[in-house]
1. Once phi is turned into ³J(HN,Hα) by the Karplus curve 6.51 cos²θ - 1.76 cosθ + 1.60 with θ = phi - 60°, what whole-Hz value does each residue of the stretch 222-239 show in order, with x for glycine and proline?
2. To the nearest 20 Debye, how big is the dipole of the stretch 4-154 about its Cα centre, given +1 on the beta carbon of each Lys and Arg and -1 on that of each Asp and Glu?
3. Return one number: the angle in degrees, 0 to 90 and rounded to the nearest 10, between the long axis of the Cα atoms of helix 15-24 and the longest principal axis of the Cα atoms of the chain.
4. Would you list THR112, THR262 from the most to the least accessible area, probe 1.4 Å?
5. Given a Förster radius of 45 Å and the C-beta distance between ASN148 and THR39 as r, what FRET efficiency does 1/(1 + (r/R0)^6) yield to the nearest 0.05?
6. For every helix of n ≥ 4 consecutive DSSP H residues, a contribution of -39,500 (n - 2.57) applies; sum these over the chain, divide by its total residues, and give [θ] at 222 nm rounded to the nearest 500 deg cm²/dmol.
7. What would the Debye equation give as log₁₀ I(q)/I(0) for the chain at q = 0.09, 0.13, 0.14 Å⁻¹, counting only Cα atoms as equal point scatterers?
8. Report the full-extension gain for the segment THR213 to HIS332: residue separation times 0.36 nm, less the Cα-Cα distance, to one decimal in nm.
Amino acid sequence: SASPDGTALNPFAAVQPAIDWAMAHPNGPQTVCVAAGATCGMSHTYTSKANQTITMANGVSVLGNYESVGWTRCNNSTTILQPQTAEGITFPATVVKATALDGFKVDRFQATTTAGVTVDGAKGALLSNVTINNAPSVTSSYAVNVINGGDATITGSRLDAGAGTSESIGVRSVGAKVTIKNNCSNIDPVTGHCQAGCFNNGTQQPSIVGRATGTGTTFAVLLDSSPASRIETSALCRTQADIGAVIRVTGDATGVEIRSNTVNGFGGVQQAYGIWLDDCNDAAPWIVDNEQITTQGANGNTVVNAIRAMGACHPVIDNNKQIIGGSEGQAHNPIGV
């Protein structure tokens, strides 16, 4: 329509104008529903204009996978967002209350450093049922980048680090806070543990993963000066670069908890770690009640530790079911802790 108003009969053709409309009408609906097609089972890609992204607005949630006839939500549709900037979909600092991005596949832009989603100082960002798994050839690749005091919750999602020649990180939190939970296809109702891996017969499941085969450094999750962050009930794996860790903790780690996860670091060429901590401001991050923390090397010379702590960092390692250095892969003198 020449004059869309966001109603079912007069929708917007693109995502950003719909967000802007909702923001400009705070007394109206604050949810943007995005269709994948006229019926369920369809797929549609929304590409931003050149050099533009999708910028979230305070309290305006954006939900994918609808059909555009009756506007019911589908469980077998795919709604793809392709922001055309290195930052990807952006949650700016003006977001200060719960604002969700739910039910999308997000494709990273081809840039030297690229991210699927950037949470830049926002306090209420919620990413749920989001898939970021394209892998453009870049120098530094992030699925989700949380910076400048941002606070993000990530749940039910599949986030791949990508293919950066220098570094590849699934969730990168620097000077920020993240809560990563329930990114797992099977959470035991009795123990509360994530009991699923990152793959099921080659298919991808909700999980956070590092790089698959390549150079540089990779982490599924980086917590750099990210106090009070939590990683729980999630499947996290893969360290297939020169140096890799599933979870890397550095800088202020006061109140950090890593709980009830399945952590499987496999494929590091030079060094491979399940959880790697150092110089965390004399904090005592809590590694507790995890289903497993295991590591495998790519060859007989790979340095392999399931948990590695160095310098001014004093993790409390408590009541974990399995901690295994070496596992089924190759390693040079593998170490559990």
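The values are calculated or read from the model by the stated rules, or taken from the named source; none is laboratory data. Quick caveat, the model's predicted, so the values are computed rather than measured. We place every Cβ from the backbone using ideal geometry, glycine too, and count neighbours over all the protein chains shown. SASA here: full protein model, heavy atoms, side chains in, ligands and nucleic acids out. Shrake-Rupley method; radii C 1.70, N 1.55, O 1.52, S 1.80 Å.
1. 10, 10, 10, 6, 10, x, 6, 6, 9, 10, 8, 6, 9, 9, 9, 7, 5, 9
2. On the way: 6 positive and 8 negative charges, 21 e Å.
Value, rounded to 20: 100 debye.
3. It works out to around 70 degrees.
4. THR112, THR262
5. 0.60
6. On the way: 1 runs with 10 residues, N = 337.
About -1000 deg cm²/dmol.
7. Relative scattering, expressed as log10 I(q)/I(0), comes to -0.46, -0.91, -1.04.
8. Roughly 40.9 nm would be gained on extension.
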